[in-house]
Amino acid sequence: MKIVAAEVVVTSPGRNFVTLKITTEDGLIGLGDGTLNGRELAVASYLRDHVVPLLLGRDAHAIEDTWQFLYRSAYWRRGPVTMSAIAAVDVALWDLKAKAAGMPLYQLLGGASRTGILAYGHASGRDTDELFDSIRHHLELGFRAIRVQTAVPGIDAVYGVPTRPATPGGRHDDYEPAQRSPLPAEEDWDTTAYLRHIPTVFEAVRSEFGPELPLLHDGHHRMTPIQAARLGKALEPYDLFWLEDCTPAENQEALRLVRQHTTTPLAIGEVFNSVWDYQTLIREQLIDYVRSSVTHTGGITAMRKLLDYAALYQVKSGIHGPTDISPVGMAAALHLDLAIHNFGVQELMPHGPLTNEVFRQTYTFEDGYLHPGDEPGLGVELDEEAAARFPYEPAYLPFNRLKDGTVHDW
Ligand code: KDG
Ligand code: MG
C-alpha cells in the first residue's frame with residue numbers, strides 16, 4: 001500500500017483546522033488531524049516542509065515503523081508541534097489500514113469493549129440562573145455527565161464562561177476560547193476570589209440537581225499545589241467526577257502534595273504530548289484520569305500505549321475533546337474509547353455547522369453516549385471544495401494577567 005501523495009489542508013470553517021490527507025497508489029485516502037490551537041501553521045509547516053517528503057513511497061501499512069522513524073529520526077523529540085505532526089500521520093495511516101481491511105478502526109484496535117461512549121458536555125453561566133439553565137439544556141440534549149464552569153465575582157473573563165455567545169444568535173453557554181484577532185486577548189485572574197466562590201457554586205448545583213448527576217470541573221492550570229489541595233478538599237462534599245488541571249503539571253511531583261490532602265478524583269494532561277509526561281503521575285497513582293488528546297500525543301499508536309500503561313495502575317481515560325480537535329481527531333478518539341478496557345469518559349464540545357459541512361462524520365451522540373459508527377476507517381470525509389471556501393484566519397487563545405499586571409497561567 002504505497003503512499004503516492006500527502007497534502008496538508010488548512011481550513012477555517014468557524015475555526016482553524018490542520019488536516020493531513022494521505023493517498024495510496026490504489027486510491028485510498030487516509031485523514032489525520034494536526035490542529036494545534038493558536039499555533040496551527042507551525043504544524044502545517046512541520047508536515048509540509050519536513051514530513052511529507054519522507055512519506056512519499058513508504059508502505060502505508062508500516063504504522064509502528066513510520067511512527068518510530070518520525071519520532072527518532074527527527075532527533076529533537078516530543079513537544080506539541082512535533083507530536084501533533086506525528087499524530088496527523090499516524091491517524092491517517094490507521095484510517096488507511098482500516099479502510100483497506102474494510103472495517104471500522106475500533107475493530108483493528110481489538111473490537112468494541114462497550115456499546116457506547118459516555119460523554120460529558122460543558123455547562124456554564126455568568127450567574128446561578130444562567131448556569132442552571134445551561135445544565136438543564138445539556139440534560140435535555142441527553143448528557144449524563146456535565147462540566148460546570150462559572151463566572152467569579154470580581155473577575156471580568158473566566159475560562160469556560162463566554163461573555164457573549166460564540167456565534168451570532170447562539171446560546172450564552174456556547175464557548176470557543178480561540179479568538180480571531182491579530183493579538184491574543186488579555187483576561188484577568190484572581191485565585192483567591194476563585195477559591196472562595198467555586199465551592200458555593202457546587203453546593204447550589206448539588207442542591208438543585210441532586211446527588212447523582214456526575215459533575216466535572218476544570219481548574220485550567222491556575223492553582224499552586226496547596227491551593228489545589230484546598231479546592232479538592234472543599235469540593236469533597238459535592239462528589240465530583242473529577243477536578244481537572246488543578247495545577248500546571250510540568251512539575252509532576254506537585255500532584256503528590258494535592259493527592260495527600262484530597263480524595264476528589266484528579267484529571268490532567270490536555271497539554272501533555274507524551275507518555276513521559278505521565279510517568280510519575282501514573283506510576284505513583286497521583287491522578288485518576290488521563291486527559292491527553294490523540295491529536296497532540298502522537299496519534300493512536302502512542303495513545304494506545306499510554307492508556308495501556310495507565311490501565312496497569314487503574315488510571316482511566318478522559319480524552320480531550322474540545323472544538324480545537326477536528327472531527328478527524330474526535331473520530332480517532334472515539335474508536336480508541338470504544339476499544340480500550342480502561343475507558344473513563346469522553347469530552348464532547350460539539351462542532352458548529354460550518355465545521356460539519358467541511359468534515360462529514362458518521363459518529364453519533366444519542367442518550368448521552370457517543371459511537372464512532374461502522375464505516376470502514378475513521379468514518380470522516382473531508383470536503384475539499386468546502387474547505388477551500390474557508391481560508392485560514394489568525395486566531396489566538398487568550399492569556400491572563402493578575403491585578404498587578406503579572407502574567408498568569410491561562
Ligand atoms: O485550546 C485550548 C482548549 O483546548 C482548552 O482550553 C480546552 O481546557 C479545555 C478543555 O478541558 O476542554
Ligand atoms: Mg481542560
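Every read-out reported here was derived from the displayed coordinates using simple, explicitly stated rules and does not represent laboratory data. Being a predicted model, the structure only gives us computed values, none of them experimental. Using ideal geometry, Cβ is built from the backbone for each residue, glycine included, and neighbour counts are taken over all protein chains shown.
Quick notes
- Every pair of residues 6+ apart whose Cβ atoms lie under 9 Å, when the first sits in region 20-31 and is crowded, with 24+ Cβ neighbours inside 10 Å while the second is among the polar types (S, T, N, Q) and in a strand (DSSP E or B): GLY30/THR23; GLY30/THR24; LEU31/THR19
- Within region 339-359, restricting attention to residues that are in contact with a Ser or Thr (Cβ under 7 Å, 6 or more places away or on another chain) and closer than 18 Å to TYR106 by Cβ, the residue that is surrounded by the fewest Cβ atoms within 10 Å (Cβ to Cβ) is HIS341.
- Matching option when the condition is crowded, with 23+ Cβ neighbours inside 10 Å, more than 12 Å from the chain's Cα centre (by Cα) and either outside any strand (DSSP E or B) or within 13 Å of ligand 1 (Cβ to nearest atom) (or both), among LEU336, LEU257: LEU336
- GLY121 vs. criteria within 20 Å of GLY321 (Cα to Cα), within 16 Å of ligand 2 (Cβ to nearest atom) and not basic (Lys, Arg): yes
- If the condition is being of a type in the set (A, V, I, L, M, F, W, C), in contact with a Leu (Cβ under 9 Å, 6 or more places away or on another chain) and under 18 Å from ASP337 (Cβ atoms), then region 95-145 contributes ALA98, LEU105, LEU109, ALA112, ILE117, LEU118, ALA119, PHE143, ALA145.
One line per residue, one yes/no per condition, for (1) within 13 Å of ligand 1 (Cβ to nearest atom); (2) under 24 Å from PRO214 (Cα atoms):
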{"residue": "THR262", "(1), (2)": "no, yes"}
{"residue": "TRP276", "(1), (2)": "no, no"}
{"residue": "GLN279", "(1), (2)": "no, no"}
{"residue": "TYR289", "(1), (2)": "yes, yes"}
{"residue": "SER292", "(1), (2)": "yes, yes"}
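- Residue count, region 203-249 (criterion: closer than 24 Å to GLY321 by Cβ, outside any helix (DSSP H, G or I) and more than 16 Å from ligand 1 (Cβ to nearest atom)): 3
- Residue ID - farthest from the chain's Cα centre (by Cα), chosen from residues in region 49-92 that are crowded, with 18+ Cβ neighbours inside 10 Å, closer than 15 Å to ALA6 by Cα and not aliphatic (A, V, I, L, M): ARG58
- Test: residue in region 268-291 that is aliphatic (A, V, I, L, M), within 16 Å of the chain's Cα centre (by Cα) and in a loop (DSSP other than H, G, I, E, B): yes
- Summed over region 181-224, the residues that are free of Cβ contacts under 8 Å to residues at least 12 places away in the same chain and closer than 26 Å to GLN252 by Cβ give a count of 1.
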